[in-house]
């Protein structure tokens, strides 16, 4: 009988929209007391305002809405409820404490400076009213404080970083999902639709709805399918945008529908059971390691989305060309593999990893446009836009970041297309006006004869644009600009 009156524990959900391997939820359900689960849409805390932080982009907001719906459904099946509240997290949760009489608040840490500032504010507020807070790890494979050099700084080169993480051994085993949730009744919750996370006028999310499956169940299913079959040939096949050889787990990881240690342990189990796939699985785990590397960078450099990690790039002579930027954004550069990637992004909220590098290099080096312009566009249009990976990857391509590709490494979009989309299937899917060109011409249609263009129904400059820059000239211009930063 005593358990029926035991005060509840509040579990604050953040970028961890799952039930399994959720340390805070595991703690709360182990107390044999009611659990109040809440997600707070926090756009008001001082630490989460520009320039320290920025709101989610449009595509990520859409994914968040779907993920919250999926979590609400999953909780309902276990007898629980996910409350939705809006406002500064400390204010919203303190109000919920007063409403419920909760005797503890639990949440999972997010190793980002703004998030930790919000967390610290809540801890102080709870201390003032005598309610204990319980904070758990689980957002990363290794805490940033454990991967330091002799000077106490984070590592800026990936390979030694990843060796250090791996040298620390396996992360803790994932925690099971609760068998049931004892919730409470009579608590107010916002209607998800009132948050306007999804587009209305115009509704540009049709392509996202057609290609994206959100939620914890989808994440677990995708991981299982990938490790059961698609992982074969991953080490080489992952660079082929014309093939489905990538895990597609990044948005699930971004919103915590699956945890890094769940992915780690599932991959290690698969490697033990399928020794022939060990090389592919090791390559896959290194990609999980790159996500970790970017998040550690973000921990050390909170302004990584706006500041060059290498200060020599502060003097780089970026161009300002609105027309060129617009052509790149809309997939109208005249370079088919670049345009295919940008159109895939616009329609589906994602883009193949190899093509991300190609289109980023094109913007920065062929067009000499600031990497921050591209990063901002990706932030708004990617469903997996991550505060660490997105700017770190852009800086890597630009040459201004950690462990960065040298600036003079300039991707040739023609050769990249011919190498990684040799039959032109990727371009045909996303640039259908070129679909009838033969593979030998599809990555450089301007070399086709008038008869070849006519037979394919292509009119350069009309149905498909001429290249907005010539590759050789653009390369020389980029190298000359780079040389100025080295003088």
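Since every read-out is calculated from the coordinates, none of them should be taken as a lab result. Here the structure is a predicted model, which means the values were calculated and not measured. With ideal geometry, Cβ positions are generated from the backbone for all residues, glycine too; neighbour counts draw on all protein chains shown.
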The chain, relative contact order [Cα under 8 Å, separation at least 6], %: 17
Computed over all unlike Cα pairs, the Kirkwood hydrodynamic radius of the stretch 123-216 in Å stands at 19.5
Just rank 95, 150, fewest to most, by other beta-carbon atoms within 10 angstrom. 150, 95
For helix 278-300, report the angle its Cα long axis makes with the longest principal axis of the Cα atoms of the chain; keep it between 0 and 90° and round to the nearest 10°. 70
With angles folded into 0 to 90 degrees, how steeply does helix 58-77 sit against the dominant principal axis of the chain? Use alpha carbons for both and round to 10. 40
Restricting things to Cα coordinates, could you compute the convex hull volume per residue of the chain in Å³? 158
Quick one: Cα centre-to-centre distance for the stretch 244-295 and the stretch 332-407, in angstrom? 22
As a footprinting exposure proxy, order 162, 318, 430 by other Cβ within 10 Å, with the fewest listed first. 318, 162, 430
Cα-derived Rg over Rh, computed across the stretch 311-486 with Rh taken as Kirkwood radius: 0.97
Residue exposure sequence - 471, 320, 366 - by fewest surrounding Cβ within 10 Å: 320, 471, 366
Over all Cα pairs of the stretch 1-134, the Kirkwood radius sets Rh, and Rg/Rh then becomes 0.96
Take every Cα-Cα distance within the stretch 195-255, group them into 10 Å bins from 0 onward, and report for each bin the whole-number percent of pairs it holds. 19, 40, 29, 11, 1
I'd like to compare 260-270, 59-69: which one has the highest average count of other Cβ atoms within 10 Å, and what's the full order after that? 59-69, 260-270
Give me the angle, in degrees from 0 to 90, between the Cα long axis of helix 389-398 and the longest principal axis of the Cα atoms of the chain, rounded to the nearest 10. 30
Defining a contact as two alpha carbons under 8 Å apart and six or more residues distant in sequence, what relative contact order in percent does the stretch 105-200 show? 22
If you find the alpha carbon centre of the stretch 1-66 and of the stretch 76-128, how far apart are they in angstrom? 7
